[in-house]
Amino acid sequence: MCREVRWWWVRHAPVINPTGAIYGQLDRQADLSDDAAFTTLARRLPKGAAWCVTPLSRTQDTAARLIAEGIATHGAPAVEPAFLEQSFGNWQGRAHADVAPQGHLAWLAPAAYRPPGGESFAEVCARVSPRLEAMAAAAPAADIVVVAHGGTIRAVLGHCLGLDPETALRFRIATLSLTRITYLAPRTGDAVWLVEAVNS
């Protein structure tokens, strides 16, 4: 018999960003105006789950807006710094074309590249993976809803599938999308991660 932990990863609502600047870990406000999208997504989320958000208001506001649709939760959302978006350091607040290396189609920079004053996507993976494993190992058989960021969800998928960071960058994660993974822990032997859906 396996202990099953079901994870429901939601990318936050679109960021209000009229200039198209790189925002990374800047605390930019989310656009919560799409009532139909919130209603549809809320209906697909489990009732009675534990919820988790990051320190940035766009995840917290998105979670609050979803919960306001009438979802019963297991306590208030916990704040998890390890699931923050990638820090782009000195690039944050500036236009993509002004700072990002040219020729990388999937992301702002190759996975191993660290923007000045920031962190690489590989470093994001290195902070997300151990926290994901620790939370999964400690959780009872349960549902966990996490409202996080595109980069975080890429890192999670890369971990679950055993991908190198550069390959994990090929996932495109839409705002207000749902990605579902399951952690199966047998009484003996190694646990496994299953990817149930991406951008659903």
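Here, each number is a calculation from the coordinates, and none is a lab measurement. Just so it is clear, the model here is predicted, and its values are computed rather than measured. So basically every Cβ, Gly included, is an ideal-geometry build from the backbone, and we count neighbours across all protein chains shown.
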Restricting attention to the stretch 119-200, which trypsin sites (Lys or Arg not before Pro) occupy a DSSP loop and are surrounded by at most 15 other Cβ atoms within 10 Å? Arg170, Arg172, Arg187
Rounding to the nearest 20 debye, state how big the charge dipole of the stretch 2-197 is about its Cα centre with +1 on each Lys and Arg Cβ and -1 on each Asp and Glu Cβ. 240
Could you list Ile16, Ile181, Ile173 in order of exposure, starting from the residue whose Cβ has the fewest other Cβ atoms within 10 Å? Ile16, Ile173, Ile181
For the stretch 69-156, using Cα atoms only, the Rg and Dmax in Å read 15.9, 47
The helix 57-67 Cα axis meets the longest alpha-carbon principal axis of the chain at an angle in degrees, between 0 and 90 and rounded to 10, of 40
Counting other beta carbons within 10 Å of each Cβ, put Tyr183, Tyr113, Tyr23 in order, fewest first. Tyr113, Tyr23, Tyr183
Given a cut-off of under 8 Å on Cα pairs at least six residues apart, what relative contact order in percent is computed for the stretch 126-196? 26
Once you have the alpha carbon radius of gyration of the chain, what is it after dividing by 2.2 N^0.38 Å, with N set to its residue count? 1.01
Sequence-distant residues sharing a close amide H with Ala13 (under 5 Å, placed H): Thr62, Leu176
Only Cα pairs under 8 Å and at least 6 apart count here; give the relative contact order of the stretch 2-197 as a rounded whole percent. 33
3J(HN,Hα) from dihedral phi, the stretch 112-127, Karplus parametrisation 6.51/-1.76/1.60, rounded to Hz, x for glycine, proline: 8, 7, 9, x, x, x, x, 9, 7, 5, 4, 6, 4, 4, 5, 8
Given the -39500 (n - 2.57) contribution per DSSP H run of 4+ residues, what per-residue ellipticity at 222 nm results for the chain, rounded to the nearest 500 deg cm²/dmol? -8500 deg cm²/dmol
Roughly how far apart, in whole Å, are the Cα centres of the stretch 64-87 and the stretch 124-200? 16
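Return Asp190, Asp34, Asp61 ranked ascending by Cβ neighbour count within 10 Å, so the fewest neighbours appear first.
Ascending Cβ contact count within 10 Å gives the list Asp190, Asp34, Asp61.
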Integer Hz, Karplus 6.51/-1.76/1.60 couplings in order for the stretch 167-174, x for Gly and Pro: 5, 5, 5, 6, 6, 10, 10, 7
Calculate how large, on average over all directions, the projected area of the Cα convex hull of the stretch 118-200 is; give the answer in nm² to one decimal. 5.8
Could you tell me what percent of the DSSP beta bridges with both partners in the chain are antiparallel, to the nearest 5? 55
Can you list the trypsin sites (Lys or Arg not before Pro) in the stretch 1-69 that are in a DSSP coil and have 10 or fewer other beta carbons within 10 angstrom? Lys47
To the nearest 10 degrees, the tilt of helix 35-44 (Cα long axis) against the first principal axis of the alpha carbons of the chain is 40
For a quick check: with amide H placed at 1.01 Å from N, whose amide H comes under 5 Å from Ala49's, ignoring anything fewer than 5 positions away on the same chain? His74
